[in-house]
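Asker: Take this structure, written in C-alpha cells, and hold onto it; I'll ask about it next.
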C-alpha cells in the first residue's frame, strides 16, 4: 500500500505563519500537520509515502528527511503551484497511481485510527466520511440507493449530505488507474481549465458516472479537522489538545446534564458508555446543572431510570449556593418563581413562602410558571424587594428543541420593572464546584468540566481552572466556537467520543 499526500499549498490564509513554510508544516500542538499524517501512516505500517510539493518544497523535503531518516520518501513537485490546485498536484504524481493507494490532502489533522479503519476494509475503494456531520465549507458526499458514493462537493446541501468527506481516501488499483487516466486526458486536453480544480471535482464525476465504485467509511467519533485559516488552526488545537491523552487520569469529572448526557428523557449517544468507563475507573462523577426546575432527588430518579448509578451528594445545583447565601443574609421570607417540588424543598430548609411581604424574589427555571406568579413578582420588584436568580440560561435543550429558560424570564421581568437580579448563582460561577474540590482534596488541574454551552459550562471550567471540554451534542455549534471569546480546551462531538481516551 502506497500513500500520496498532496502538500503543495501556500496557505495564504494562514499568513504570517506560512510566510516561510508551506501549509503542511504549520504546527498543531508542536507537530506539523504533515507529521500527524506521516505518524498515522507509519503506525499502520504504510512506509511507501509520496509527497506532492510546491510552495517552499525544500522545507518539506528537509523536514521529512530529518525527522524520518529511515523512510524512503518520494517527492514530486508541482512547479505550477501558484496557478493550479491539488488536482494538478496529483497529476504531477500520476505515475504513483499504479497500485492500491491512500490519498490525502496535506492540511488535515486526523486520528491515526482512521488509517487503520481504511486499511481493514479491502474489497472496495473508500472515502473517509464523518457520517451525519455537515460543515459549511467542507466537501460533503451523497449516496445512491446501493450505498455507494454518487457525489462529492462543497455545494451539496446539508440536508442532502450523508456526511463530510475529510479528504482522506483509499483507492483500489483499478480505481487509482482510472483516476490517473482521467487526470492525464483532462490536463493534456485543457490544462488551463482543469489544472485549477480540486481533485474532488474528478472524483465527483467518476462516482456519478459509476466509472469508480466507492463506499463511505464512517469515522464518526474520531477526531479530524481541516486547517485552512487561523480560526481552523485554533479549533484544531482544541480538538487535539494534549490534555486528552491523560483524560482518564483525572480524579473528578463535573458533567452538565441537559445537552451533554441527555436531552429530555433520551440519553445522548455514547453517554452510557462514557459513564460506564468513568465508573469502571472509580472516578468521582458529579452532575452540575443549572436546571432548577428539579430537585436532587428528581435528578437521582432520572439517572436511575437511565440505568446510571447516582446519589444526591453528587448532584450540584445553583440552589445550594443560593440557600447558603440567603441564610447568610438572614433572609427567610421569599416569593419564589419555582416548581412545587422546588418550593417544597426550600420550605424544608426553613424558608417561608410569603406572597404579601417577602424579603426577596427568587427566580428559578419554573416549568409551572403562571401569569399570577409573574404579576405578583413584578409588583414586589416595583417596591424594591431584593431579587435573586439561580442561573442565567436563556434556553433549556430538550428532545423537541430549545425551550425558554430562566434567562428569558428575567428578561421579561426587566422589561416590565427595569430590575435585574442582584446576584445570579449557578454556572459559570466557580463556587459551583470549588467547595467540592476542596472537600475532596482535589486540585482544579486534576478535574474536568464537560458541557455543551460556552458561556456556562466552558466559562465554569475557565473560572475554576479545570480542564474544559465542549461537546457539540447540545446548544453550542462549531460556528459558536469560532465567534466566541470563550474557547474550550478540547472540542468533541459528544461524550461518547471521549471513551477511547479514557481507556
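The values are calculated or read from the model by the stated rules, or taken from the named source; none is laboratory data. Model, not experiment: these values are computed from the prediction. When we count neighbours, we look across all protein chains shown, and the Cβ atoms used for this are built from the backbone with ideal geometry, even at glycine.
Asker: Is it true that some residue in the range 60-75 is within 24 Å of residue 231 (Cα to Cα), crowded, with 23+ Cβ neighbours inside 10 Å and modelled with pLDDT of 95 or more?
Answerer: yes
Asker: Suppose the filter is surrounded by 24 or more Cβ atoms within 10 Å (Cβ to Cβ) and not in a loop (DSSP other than H, G, I, E, B); does residue 445 pass it?
Answerer: Against the criterion (surrounded by 24 or more Cβ atoms within 10 Å (Cβ to Cβ) and not in a loop (DSSP other than H, G, I, E, B)), residue 445 does not qualify.
Asker: Can you tell me how many residues within the range 111-123 are in a loop (DSSP other than H, G, I, E, B) and in contact with a helix residue (DSSP H, G or I) (Cβ under 9 Å, 6 or more places away or on another chain)?
Answerer: 2
Asker: Taking the criterion of being in the same structural domain as residue 107 (by TED's automatic domain parsing) and in contact with a strand residue (DSSP E or B) (Cβ under 9 Å, 6 or more places away or on another chain), would at least one residue in the range 179-193 satisfy it?
Answerer: Yes.
Asker: Further question: For the range 57-70, which positions are out of contact with any helix residue (DSSP H, G or I) (no Cβ under 7 Å at 6 or more places or on another chain) and within 19 Å of residue 104 (Cα to Cα)?
Answerer: 57, 61, 64
Asker: Give me the residue from the range 481-497 that is touching a helix residue (DSSP H, G or I) at 6+ places or on another chain (Cβ under 6 Å) and in a helix (DSSP H, G or I) and, out of that set, surrounded by the fewest Cβ atoms within 10 Å (Cβ to Cβ).
Answerer: 482
Asker: Which residue out of 451, 418, 426 is surrounded by fewer than 14 Cβ atoms within 10 Å (Cβ to Cβ) and within 20 Å of residue 394 (Cβ to Cβ)?
Answerer: 418
Asker: For the range 400-411, give me each residue that is farther than 14 Å from residue 388 by Cβ and either in contact with a strand residue (DSSP E or B) (Cβ under 6 Å, 6 or more places away or on another chain) or not assigned by TED's automatic domain parsing to the domain that holds residue 383 (or both).
Answerer: Across the range 400-411, the qualifying residues are 402, 403, 405.
Asker: What helices (runs of 4 or more DSSP H), lying completely within the range 292-409, carry at least 1 residues that are more than 33 Å from the chain's Cα centre (by Cα)?
Answerer: Filter on the range 292-409 gives 318-329, 340-348, 371-382.
Asker: Determine, yes or no, whether residue 370 is within 17 Å of residue 336 (Cβ to Cβ) and surrounded by fewer than 16 Cβ atoms within 10 Å (Cβ to Cβ).
Answerer: Taking the combined requirement at face value, the residue satisfies it.
Asker: Would you say residue 359 is at pLDDT 95 or above and outside the structural domain of residue 283 (by TED's automatic domain parsing)?
Answerer: yes
Asker: Please count how many residues of the range 276-287 are in contact (Cβ under 8 Å) with a residue 60 or more places away in the chain and assigned to a helix (DSSP H, G or I).
Answerer: Summing the residues that are in contact (Cβ under 8 Å) with a residue 60 or more places away in the chain and assigned to a helix (DSSP H, G or I) in the range 276-287 gives 3.
Asker: Next question, about the same structure. Only one of these is free of Cβ contacts under 8 Å to residues at least 40 places away in the same chain, at negative phi and in contact with a strand residue (DSSP E or B) (Cβ under 7 Å, 6 or more places away or on another chain): 422, 414. Name it.
Answerer: 422
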